[in-house]
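The values are calculated or read from the model by the stated rules, or taken from the named source; none is laboratory data. Since we're looking at a predicted model, the values are computed, not measured. Cβ atoms come from the backbone with ideal geometry, glycine included; neighbour counts cover every protein chain shown. Side chains included, ligands, DNA and RNA excluded: accessible areas come from the protein's heavy atoms. Shrake-Rupley method; radii C 1.70, N 1.55, O 1.52, S 1.80 Å.
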Amino acid sequence: MKVRGRFAPSPTGDLHLGNARTALLAWVSARAQGGAFVMRMEDLDKPRERPGAAARILASLRWLGLDWDEGPDVGGPFGPYTQSERFALYEAATDRLLEAGKAFHCWCSRAEVAAASAPHAGEEGPRYPGRCRTPDEERAASRAREGRIPSVRFLVPDHPVRFEDGIHGLQCFDVHALTGDFVIRRADGVAAYQLAVVVDDAAMEITEVVRGDDLLSSTPRQILLFEALGLPVPRFLHLPLLLGPDGARLAKRHGAASLTELMERGEDPKAITGLLAWLSGLAEKDERLTPGELVARWDPARVGRAPARLPEEALHRLP
């Protein structure tokens, strides 16, 4: 099967250099394997969406030198390529899981879940205690009379999930112990990220997902959903994060310009690509390169597993 990679930004703001590096390496990986590259806009979080952000993201990536075979601005056989236009697909998948007994309605509020969980929640939030796993018609009717609307949770099997990551190697997560049954449709009717990304990757026939390793812990939940829906699981490569000079995750407080700002200031896109490639082990310092020139250099082993730290001098030179 032909490799199909993708980049799926959220239009909540302009891309910072860490996002740009993910897009660049996802593109390079797909092109190095003679594959297609898909652009998808993940706009389910409407309250955080910024006007014009989607257009600026696409314009800044084209300025950097990336192209895509399918996407919201070019179309393609698996469109639409904007999540807010794909609600029917998420509803159909949720209904399938409910009908198969692999998901259930949950009437618990966030406060109730937090109160019933262990006092020290992990990075994924409080573990769901399983209150609504067993149907309680009287409780459900009572909550419905109060005007509550249930969310839908995936029924997590009690076994570990193992997978081979293209960067971090063999991974093993006990989703049942770490998060418990997780939400796939929120009480407001909007599909949760974990479900939407699985449905979209399968529908768009994505075979390779290159993204930041802040999403590594999401992967086992997504694998469970792929398997529950009888869908092929793509290959995953989780890139180490790009950090600021102080070792903290790169953020606005570091003063780093966004990709759009760099474009508007007339910076050389080859210099930006070279910097991102150097931080990824694919170039020498201060090389100026196009994305196409990185294709022949692509080797996930060169990226490494340790976070990359943006040097102070680069931070001051770019803004």
Charge dipole (the chain, unit charges on Cβ, about Cα centre) - positive-most of Ser109, Gly5, Leu66:
Ser109
Sites excluded, trypsin sites (Lys or Arg not before Pro) in DSSP loops with at most 10 other C-beta within 10 Å, longest stretch of the chain
3-264
Per the beta carbon screen (other Cys under 4.7 Å), unpartnered cysteines of the chain come out as Cys108, Cys172
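State the percentage of accessible surface on segment 107-232 attributable to carbon and sulfur atoms; use a 1.4 Å probe and exclude ligands, DNA and RNA. Display every interim value, and only then the final one.
Numbers: 3160 of 6000 Å².
That fraction is 53 percent.
Any chance you could tell me what percent of the C-alpha pair distances in the chain go past 37 Å? List each step's numbers first, then the result.
Working: 10158 of 50721 pairs.
Every Cα pair in the chain considered, those over 37 Å come to 20 percent.
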Round to the nearest 10 and give me the degree value, 0 to 90, for the angle of helix 17-32's Cα axis relative to the longest principal axis of the chain.
80
C-alpha long axis of helix 87-99 to longest principal axis of the chain, angle in °
40
Going toward the positive end of the dipole of the chain, with +1 on Lys and Arg Cβ and -1 on Asp and Glu Cβ, which of Leu216, Gly52, Ile167 do you reach last?
Leu216
Find the centroid of the Cα atoms in segment 1-38 and in segment 104-177, then give the distance between the two in whole Å.
31
Note on segment 128-171: C-alpha Rg/Rh, Kirkwood Rh, two decimals, gives 1.27
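What are the GluC sites (Glu not before Pro) within segment 89-183 that DSSP puts in a loop, where the Cβ has at most 14 other Cβ atoms within 10 Å? Working shown, then result.
Values: sites: Glu91, Glu99, Glu112, Glu123, Glu124, Glu137, Glu138, Glu146, Glu164; in loops: Glu123, Glu124, Glu146.
Hits after loop and neighbour filter: Glu123, Glu124, Glu146.
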Quick check for you: with a 1.4 Å probe and neighbouring chains kept, what is the accessible area per residue of segment 213-310, in Å²?
45
Cα axis of helix 269-278 to longest principal axis of the chain: angle in degrees, 0 to 90, nearest 10?
70
Euclidean distance between Cα centres, segment 207-271 to segment 68-101, Å:
21
